[in-house]
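Following: one structure in structure tokens, then a few remarks.
The values are calculated or read from the model by the stated rules, or taken from the named source; none is laboratory data. Since we're looking at a predicted model, the values are computed, not measured. No Cβ is skipped: glycine too gets one built from the backbone with ideal geometry, and neighbour counts run over all protein chains shown. Ligands, DNA and RNA are excluded from the accessible area calculation, which covers all protein heavy atoms including side chains. Shrake-Rupley method; radii C 1.70, N 1.55, O 1.52, S 1.80 Å.
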Amino acid sequence: QAKEQGRDGWRFFSEEIHEQARRRLDIINGLRQAIERDEFQVRFQPILCAQSQIIRGAELLLRWFPSGGEVSPAHFIPIAEMSGSIVPIGKWVFRQACLAERQWRDRFGVEAPYVSVNVSARQLNDEALVEEFRRMLAETGADPERILLELTETSLMSDVIFNLSVLNQLAGLGLRVAVDDFGTGYSSLAQLLRLPLSKLKIDREFVDGLDKRHDSRAIVHAVCSMARAMNLKVIAEGVENASQFGYLRDLGCDYVQGFHFYRPLPPEEFLALLHETSATGRLAASDDLYSL
Ligand code: C2E
Ligand code: MG
Ligand code: MG
Ligand code: MG
């Protein structure tokens, strides 16, 4: 009897693995056709100046809707990186960032927010990347100095010497570079700081701990002081409540982003928000514009 059950248990287990592999394969194949099928959309999550709470930027976040459903980027991005689809997808995403930068600047001039866009390490290995980014910037008329490339700490550290040369070329185009999810990797600070960086994004994990754990406050404090000394700006992501925001402001964090302020918004809603804030004078004062 026990033997029987064991066998059934095994069969169930192996079917489950089969099913998982099949779903993964569906995603790999689906991602290959997603651009031509027009299944991607973008969202923009506002990034605010911590002191004035003025909207200074927005992070472009990718959304995928394959035939009716929705798959989270936390799930499909790693698969796209593994299968190589991230290269064409990343180009599509960068083009959307360029178009947005151009559109916002056309409407709001110097008050327009900058665009932050996620870039995978895998994209840096694509020989054509720098040339394609240059071409898209030229074609769209986007201002590279108002586009911030977010690379995760882990991906930057995967091959520092190689990444350094690509990032220097991208910075040569005028693009800005930020370290995303800072504090979660095991990077050598000395190596990290050789990169042409303008911002550090403190990972959500530390923001989450601010009102619960003493060590999170110490870490955020240390990151902010270090950033100041290195002339880098600090963004905190995943700010979910007023108490976390209070700590961040007191600890000297420059920018904040999170559900406490805004969720990632569809492009039309983000534009409407900009019009609304601009009309009430709350977009003005471009004091820290070039500190991007
Ligand atoms: P990320 O770059 O660290 O982006 C921040 C994530 O935190 C986003 O999740 C955002 O929706 C979420 N978030 C923002 N505020 C809060 C908050 O207050 N609380 C909580 N719990 N979450 C918050 P999302 O959009 O699901 O993206 C997940 C990850 O997928 C991103 O993490 C990024 O690594 C990757 N990703 C998204 N879009 C792209 C893309 O276009 N290209 C690449 N290469 N990766 C992308
Ligand atoms: Mg990001
Ligand atoms: Mg992040
Ligand atoms: Mg994160």
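General observations
- The residues in region 156-195 that are among the polar types (S, T, N, Q), under 24 Å from Val239 (Cβ atoms) and away from ligand 2 (no atom under 16 Å from the Cβ) can be counted, and the count is 1.
- Residue check, Glu240 over 27 Å from Pro144 (Cβ atoms) and part of a loop (DSSP other than H, G, I, E, B): yes
- Region 156-190, subset among the β-branched types (Val, Ile, Thr) and within 20 Å of the chain's Cα centre (by Cα), residue farthest from Ser216 (Cα to Cα): Val166
- Residue list for region 225-247, filter: within 12 Å of ligand 1 (Cβ to nearest atom) and of a type in the set (A, V, I, L, M, F, W, C): Ile235, Ala236, Val239, Phe245
- Residues (without any contact (Cβ under 8 Å) to a residue 12 or more places away in the chain and part of a loop (DSSP other than H, G, I, E, B)) located in region 254-286: Thr280, Gly281
- Count - residues of region 53-75 that are farther than 23 Å from Glu111 by Cβ, within 15 Å of ligand 2 (Cβ to nearest atom) and not aliphatic (A, V, I, L, M): 3
- For region 229-243, the criterion of a residue being within 16 Å of ligand 4 (Cβ to nearest atom) and open to solvent by 40 Å² or more (accessible area, probe 1.4 Å) is satisfied by at least one position.
- Scanning region 138-155 for residues that are within 19 Å of the chain's Cα centre (by Cα) and more than 13 Å from ligand 2 (Cβ to nearest atom) yields a total of 6.
- For region 167-194, residues that are more than 16 Å from ligand 3 (Cβ to nearest atom) and either in contact (Cβ under 8 Å) with a residue 60 or more places away in the chain or open to solvent by less than 10 Å² (accessible area, probe 1.4 Å) (or both) total 3.
- Hits in region 145-156 - residues which are surrounded by fewer than 19 Cβ atoms within 10 Å (Cβ to Cβ) and not polar (S, T, N, Q): Glu145
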